[in-house]
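Enquirer: The structure that follows is given in the form of structure tokens.
The values are calculated or read from the model by the stated rules, or taken from the named source; none is laboratory data. No experiment lies behind these values; they were computed from the predicted model shown. Backbone-built Cβ (ideal geometry, glycine too); neighbour counts: all protein chains shown. In case anyone asks, the SASA skips ligands and DNA or RNA and just uses the protein heavy atoms, side chains included. Shrake-Rupley method; radii C 1.70, N 1.55, O 1.52, S 1.80 Å.
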Amino acid sequence: MTQPASPPALSLLLVSALLFAALGWLFSFPVNTPYQDLVQERAYFEDTSNTVTIDNIHKQTFTPFMGPLFRGNNSNPVWLKLTLAPSSQPNWVVMVQPNYTHQVDVYLPDTQGAWVQKTTGSKYSFSEREVDALAPSVLYQPSTTDSTVVYIRVVTPTTPIYARVVSETDSATFDSRLQMVGGAFAGIGFLVAVISLMVYVATKDSLWLLDAVYNLSGLCVLALLLGLASRFVWPDRDNWVNQATVLGNLVHMAIATVLYYRIFKLFEVPKWLLWYAYVTWALLPLLVWMALTGNADKSLAINNLLILIANFFGVLIAIFAKHKDKYLLYALRFAYFVLTAFTVWWVVPLVLKLQTENFSALYPNLPLALFSLFMLILLLVRNTQLKIQEGVRTEIEKRQVEYELQLARKRHEESSSFYGMLMHEVKTPLSTIRMAVSNLENALADQDEMVLRRLKRVQNSVDNVDEVLKRGVDVDILEQGALAPDIAQVNVCALVQEVCRSHPEYRRLKCTLPDLLMAKVDRQLLALMLMNLIDNAVKYSPENTDIPVILQQLDESRWELCVRNLAGPVGFPDEAQVFAKYYRAELAISKSGMGLGLYWVRGVARRMGGDALYQRDQQWVVFKVCLPI
């Protein structure tokens, strides 16, 4: 039965959603802040032949666009044509986004009408940049009177692409805000990764270790995408950031697939919904090989398609998932619906080359990683909380069982001590009574038959009391597990014949035995079991009636010992309770006993790998002991 989410759990989910919304707004602040932009018109041209130069670019037909340019993962050059408004303010910057754009060639007109080429991008070392900013940028001085056309040639397999011309002051402001946001996210991500590692050390739950690895790999990818690695790690290296960015995205996707696969396994999910994870892992070596052999654009295109497929299946998983904890289920669904909505908003234009004014797509990893970070923490914290609760519940149950076991042992010890004390205290009086009765029988041998019968009844009563006490001790030994059968090869036919001949009612016993039956049993216990069954038959059958004792081999692995008697005045026993401890038929009160004999017989039979059975055969009461050969 599913349990409803508790008010504190729902409150935590609501607070988490509000916190994410607030941090999401903060992290989008650099991108969404309005800056004065000199660009009046933007247009692009796809150079699929890679033959167009600045000398003949003016002959090409350009297509206007408004927001970021989505052109899929494509390594072919694309030309941007920017028409700039005049400005009397000096010191402007042509800024190309996002920060990990590979190669940017900006062609600016000089005063004589010639083109001045300025090259930047993540392909080149950061120390050689004209503008010390994370986004590839070059300086520009606009005309004070006329509109100006600027051409930008971009080569990058990572998209989208956007270009703006802002003041040098706004460029520095944007750069500082982006660094601030990147640093804040890096700090939060690193702190969460450390916490995840600490929880892993404490709980040994590999999900927390995976979460820590996921967060650390996300930080590495973010540092590459924001240009932090170019500035602070490899400022003098060419092309290292480009290669590391592609490989980092591929590895991070694979780690994310492993983590989410493990999280989905916490829920009841149809297996067919998880096949995409195996496809992603299988394709990883191929994608890495493609990235290392100059096909980064194709590698990233497949990776983005896998992200889109993963989100599609993630929505189905969120819909079909089941879990006994409603909070965990709601958190998963909320996380995946929001995550999928944002990813589709970002990835679909990229894969399908749709032009939208989605400026968040320039830096999608910031809100995406932020949301994943918080929602994963929520899911893992709740899962760990459930595990702790289950562990506490199990520990309580374990201690309860141990406590009850101690009480049971104590009761057995007290019972054993009681039976031992009782046997010790009663044995001497019983022996005295038995001796006195025997002396009276000898002394009064010539007396009236009625006197001798009464003495015989006293002797039988003493024997019954002795038998009841012995039976109680035998049952106590059986229940304490102290009964250890001494299994050996025994001639069962000879043993049955010996027991029957030693019984006082031997004349009533009609034995049907095979010539030979050898079996591995405890000789003494088998003799006692047979004696119990015969005593039971003698006690409850009509006087002077036959009691058949039948021994037979059932098959190569089993044999059966059967004792039958006609139903006497007590009638037939209750089939459902006949082997129950202390069970006695309603009409058996006049007979001595505690209802332990048959209970002990079945317990010993099962201890030796067999069983004791009862059945009614017309007017016959039938008890069987089945044991292995």
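Enquirer: Just order 313-323, 247-257, 506-516 by mean Cβ neighbour count inside 10 Å, highest at the front, would you? Let's see the in-between values first.
Expert: On the way: 313-323: 16.7, 247-257: 20.4, 506-516: 12.9.
Averaged packing, sorted descending, gives the order 247-257, 313-323, 506-516.
Enquirer: Please report Rg (one decimal) and Dmax (integer) in Å for the Cα set of the range 43-113.
Expert: For the range 43-113, the Cα radius of gyration and maximum Cα-Cα distance read 13.6, 39 Å.
Enquirer: Right, another one. Please list, in chain and number order, the residues 5+ apart from residue 84 or on another chain whose amide H is under 5 Å from its amide H, with Hs placed from the backbone.
Expert: 40, 148, 149, 150
Enquirer: Grab the alpha carbons of the range 174-267, take their convex hull, and tell me the volume per residue in Å³.
Expert: Looking at the range 174-267, the number lands at 102 Å³ per residue.
Enquirer: What does the accessible area per residue of the range 82-232 come to in Å², with a 1.4 Å probe and no ligands, DNA or RNA counted?
Expert: Details: 5600 Å² over 151 residues.
In whole numbers, the range 82-232 has 37 Å² accessible per residue.
Enquirer: Another question, then. Quick one: of 326/387; 322/398; 265/324; 118/298; 81/298, which pairs are farther than 20 Å apart, Cα to Cα?
Expert: Over 20 Å Cα-Cα: 322/398; 118/298; 81/298.
Enquirer: Just subtract the alpha-carbon distance of residue 381 and residue 393 from 0.36 nm times their residue separation and send over the number in nm, one decimal.
Expert: That works out to 2.5 nm of additional length.
Enquirer: Could you state the accessible area per residue of the range 491-563 in Å², with a 1.4 Å probe and every protein chain left in place? Can you show the working numbers first?
Expert: Working: 3770 Å² over 73 residues.
On a per-residue basis, the range 491-563 sits at 52 Å².
Enquirer: Tell me, what is the percent relative contact order of the range 481-629, built from C-alpha pairs under 8 Å that lie six or more residues apart?
Expert: On the way: 250 pairs, mean separation 33.0, N = 149.
Reported relative contact order: 22 percent.
Enquirer: Sticking with this one: Hey, what does the equivalent ellipsoid look like for the range 487-629, semi-axes from the Cα gyration tensor as sqrt of 5 times each eigenvalue, largest first, whole Å? Could the numbers behind the result be given before it?
Expert: Working: eigenvalues 116, 58, 35 Å².
So the three semi-axes of the range 487-629 are 24, 17, 13 Å.
Enquirer: When the Karplus curve 6.51 cos²θ - 1.76 cosθ + 1.60 is applied with θ = phi - 60°, which whole-Hz ³J(HN,Hα) does each residue of the range 534-544 get, with x for Gly and Pro?
Expert: Result, rounded to whole Hz: 5, 4, 5, 5, 5, 5, 10, 9, x, 4, 6.
Enquirer: Continuing with this model, one more query. Search the structure for amide H atoms under 5 Å from the amide H of residue 566, placed 1.01 Å from N in the peptide plane, and list their residues when 5 or more places away or on another chain.
Expert: Counting only residues 5 or more places away or on other chains, the set is 621.
Enquirer: Could I ask something else about it? Of 70, 342, which has the most accessible area and how do the rest follow, probe 1.4 Å?
Expert: On the way: 70 5, 342 45 Å².
Ranked list, largest accessible area first: 342, 70.
Enquirer: Set the Förster radius R0 to 41 Å, insert the Cβ-Cβ distance between residue 403 and residue 191 as r into 1/(1 + (r/R0)^6), and round the FRET efficiency to 0.05.
Expert: Result of the calculation: an efficiency of 0.40.
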